[in-house]
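*Asks:* The structure's right below; bear with me while I get my questions together.
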Amino acid sequence: MQVELVKCTTVDDIALDGVFFAPREGGMAGGTVDAALLVHGTGGNFYGAILLEMAERLRRASYAAVSFNTTSHDVVYGSPERPWGNAYEILDRCRRDLDAGVTWLARRGYNRIAIFGHSMGAVKVVYYQACVQDPRVAAVIASSPVRLSRSYFLASEAGEEYRRFYESAQALVDAGQPDTLISATFPNPQFYSARSYIDKHGPAERYNVLRHAHMVRCPLLLMAGSLETHPRLRDCARDAFETIKYKPDARLVIQEGADHGWTNLREAQADHVLAWLGQLPLAAEDRKAKGLAGARR
């Protein structure tokens, strides 16, 4: 596997490390996409196994692929004056991170870009495109999205556990200590700043995928595994699809036997992605360009 270590830079001058997979020489990607930006999930980074395995499959299918860190990579880094990492994430920040990755690909000559995100990355790709409507993005792939919904959590079997951590975080915010870390076990075991916990899991439900999926104007693929039964995951992709099932370019895949990490089923995960990308219709200008290229040959 030959790759290129690369960097992109956000509009506020933060450098994000990544890895680029050049497309297989001599091949031609099918469908309407020629490159993909891959986005990691909670506490992850650009070299997570799911992303690298997906990038390699895309490369072999003649798509360019790049995986970049977001500013929420890993748990905590930076300095006491400016801490970064998942523990301090305000999720809306992802718009700058994803824009930097898309811009990096565009500067390399790729202008029909798919954005693929797994887990919290799936939330980010849907949220980004719903908010930004980036014309360079030709497709969105949300793999195993997490549900960020206070109302759903409270109605679930984990309602009291969620309420305990939410109230602890809110008390710290009210006390003027929004950057104080709490060790939470719900919705998943990790450190959060009080501000970050409220941002993602508060009553505004600002990042609830069900509220944003219908705002994505380009083709959207939602994927999940049948074993994703935790309240933060259960039926999230299916419920989001219910809001867009009327769209001819929307698709839902539920993989039997797949857990949240698609353990032992990542080949199947990539197969679903490649099959969907390959059947997407070309935009009118792309059909014209390919026709002209064929005529010249």
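The values are calculated or read from the model by the stated rules, or taken from the named source; none is laboratory data. What you see is a predicted model; the values in this text were computed from it and never measured. Using ideal geometry, Cβ is built from the backbone for each residue, glycine included, and neighbour counts are taken over all protein chains shown.
So that you can scan it fast, the table gives a plain yes or no per residue for (1) under 17 Å from the mean Cα position of the chain (by Cα); (2) modelled with pLDDT of 95 or more; (3) not in a loop (DSSP other than H, G, I, E, B):
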{"site": "Arg234", "(1), (2), (3)": "no, yes, no"}
{"site": "Gly257", "(1), (2), (3)": "no, yes, no"}
{"site": "Glu267", "(1), (2), (3)": "no, yes, yes"}
{"site": "Val273", "(1), (2), (3)": "yes, yes, yes"}
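*Asks:* Suppose we keep only residues that are surrounded by 15 or more Cβ atoms within 10 Å (Cβ to Cβ) and of a type in the set (D, E, K, R) within the stretch 81-98. Which one would you say is nearest to Val39 (Cα to Cα)?
*Replies:* Checking each candidate, the answer is Asp97.
*Asks:* Quick one: Arg96 ticks every box in (1) within 22 Å of Asp134 (Cα to Cα); (2) in a loop (DSSP other than H, G, I, E, B) except a single one, so which number is it?
*Replies:* So Arg96 meets the others, but not (2).
*Asks:* Another question, if that's okay. Just a yes or no: is a residue in the stretch 118-137 among the hydroxyl-bearing types (Ser, Thr, Tyr) and in a helix (DSSP H, G or I)?
*Replies:* yes
*Asks:* Taking the options Ser168, Ser183, name whichever one is under 19 Å from Ser72 (Cβ atoms) and either aliphatic (A, V, I, L, M) or not assigned by TED's automatic domain parsing to the domain that holds Ala275 (or both).
*Replies:* Residue meeting the stated conditions: Ser183.
*Asks:* Of the residues Gly121, Gly78, Gly41, Gly101, which single one is assigned by TED's automatic domain parsing to the domain that holds Ala268 and surrounded by fewer than 24 Cβ atoms within 10 Å (Cβ to Cβ)?
*Replies:* Result of the check over Gly121, Gly78, Gly41, Gly101: Gly78.
*Asks:* Let me ask another. Could you tell me which residue of the stretch 157-209 is nearest to Pro83 (Cα to Cα), considering only residues that are free of Cβ contacts under 8 Å to residues at least 24 places away in the same chain and of a type in the set (A, V, I, L, M, F, W, C)?
*Replies:* Ile182
*Asks:* Something else now. Going by the conditions given, is Leu37 modelled with pLDDT of 95 or more and outside any strand (DSSP E or B)?
*Replies:* no
*Asks:* Within the stretch 259-270, take every residue that is more than 15 Å from Leu52 (Cβ to Cβ) and touching a residue at least 12 places away in the same chain (Cβ under 8 Å) and give me the one that is surrounded by the most Cβ atoms within 10 Å (Cβ to Cβ).
*Replies:* His260
*Asks:* Evaluate the stretch 105-113: report whether one residue or more is surrounded by 19 or more Cβ atoms within 10 Å (Cβ to Cβ), touching a helix residue (DSSP H, G or I) at 6+ places or on another chain (Cβ under 8 Å) and among the aromatic types (Phe, Trp, Tyr).
*Replies:* The answer is no, given that none of the residues of the stretch 105-113 is surrounded by 19 or more Cβ atoms within 10 Å (Cβ to Cβ), touching a helix residue (DSSP H, G or I) at 6+ places or on another chain (Cβ under 8 Å) and among the aromatic types (Phe, Trp, Tyr).
*Asks:* Applying the selection to the stretch 215-233, what residues are polar (S, T, N, Q) and touching a strand residue (DSSP E or B) at 6+ places or on another chain (Cβ under 9 Å)?
*Replies:* Ser226 - this is the single residue of the stretch 215-233 that is polar (S, T, N, Q) and touching a strand residue (DSSP E or B) at 6+ places or on another chain (Cβ under 9 Å).
*Asks:* Scan the stretch 140-151 and give yes if some residue there is β-branched (Val, Ile, Thr) and touching a strand residue (DSSP E or B) at 6+ places or on another chain (Cβ under 9 Å), otherwise no.
*Replies:* Scanning the stretch 140-151, I find at least one residue that is β-branched (Val, Ile, Thr) and touching a strand residue (DSSP E or B) at 6+ places or on another chain (Cβ under 9 Å), so the answer is yes.
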